[in-house]
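The values are calculated or read from the model by the stated rules, or taken from the named source; none is laboratory data. This is a predicted model, so every value here is computed, not measured. Reconstructed Cβ throughout: ideal geometry from the backbone, glycine too, with neighbour counts over all protein chains shown. Side chains are part of the model used for accessible areas, which takes the heavy atoms of the whole protein and leaves out ligands, DNA and RNA. Shrake-Rupley method; radii C 1.70, N 1.55, O 1.52, S 1.80 Å.
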Amino acid sequence: MNKILISSCFLGNKVRYDGQTKVLVDPQITTWQQQGCLVVICPEMSGGLPVPRARAEQVGSKVIDEFAVDVTEQFQRGASYALELCQKQQIKFALLKEYSPSCGSSQIYNGHFNGTKVDGQGVTAKLLSEHGIAVYSELTLEQLIRDYTEQ
Ligand code: SF4
């Protein structure tokens, strides 16, 4: 059975920078979970960052936290780990949290910590997309359900 990589915070794990979660409630997710289809990852934790951690945003090609610390390396490490997981398990679909500097698949924050979103991808979403993995978010879950069912 083909698996789906999923952001850990969608499943109720308190892995976000603020120690909170972002549960994504949908019966299909429960079904996939029960069927053992989901491979769970928090790229920022896999990259070595703690919970809680400072908010971070992409600034050009770097990721900088709100205290001006460069965390690009940790974000890249987490993205590489996510890609490795997908390649090892031949995962072709990922369901990742929109707007995150790691997981955002179509929009992220603009790098000024002022709450403004811009078109762009998080570090992990971008790396996975570049390697042929289809990345979806909570906003495109219905599309994922269709594509996964039709594969
Ligand atoms: S890096 Fe991704 S999985 Fe981890 S808390 Fe942020 S959005 Fe959720």
| Considering only the chain, what is the antiparallel percent among its DSSP beta bridges, to the nearest 5? | 40 percent
| note | Carbon/sulfur accessible area of the range 92-151, % of total, 1.4 Å probe, equals 51 percent
| If eta is 0.890 mPa s and T is 25 °C, what Stokes-Einstein diffusion coefficient results for the range 102-151, Kirkwood Rh from Cα pairs, in µm²/s? | 208 µm²/s
| remark: Computed for the range 77-151: size of charge dipole around the Cα centre, +1 on C-beta of each Lys and Arg, -1 on C-beta of each Asp and Glu, debye to nearest 20, value 240 debye
| Listed residues H131, Q151, L85: farthest to the positive end of the dipole of the range 49-151 (Cβ charges) | L85
| query | What residues have an amide H closer than 5 Å to that of V39, excluding those fewer than 5 places away on the same chain, when H is modeled at 1.01 Å from N in the peptide plane? | reply | I4, L5, I6
| note | Here the equivalent ellipsoid of the range 62-151, derived from its Cα gyration tensor, has semi-axes (largest first, whole Å) of 25, 17, 7
| note | Whole-Hz Karplus couplings 3J(HN,Hα) for the range 9-26, θ = phi - 60° and coefficients 6.51, -1.76, 1.60, Gly and Pro as x, run 5, 5, 9, x, 7, 8, 10, 5, 4, 8, x, 9, 10, 9, 4, 10, 8, 7
| query | What whole-number value in Å² describes the accessible area per residue of the range 1-79 for a 1.4 Å probe? | reply | 52 Å²
| task | Mind putting a number on the dipole of the chain about its Cα centre? Charges go on the C-beta only, +1 for Lys and Arg and -1 for Asp and Glu, and I need it in Debye to the nearest 20. | result | 260 debye
| said: Can you give me the orientation-averaged projected area of the convex hull built on the Cα atoms of the chain, in nm²? | reply: 8.2 nm²
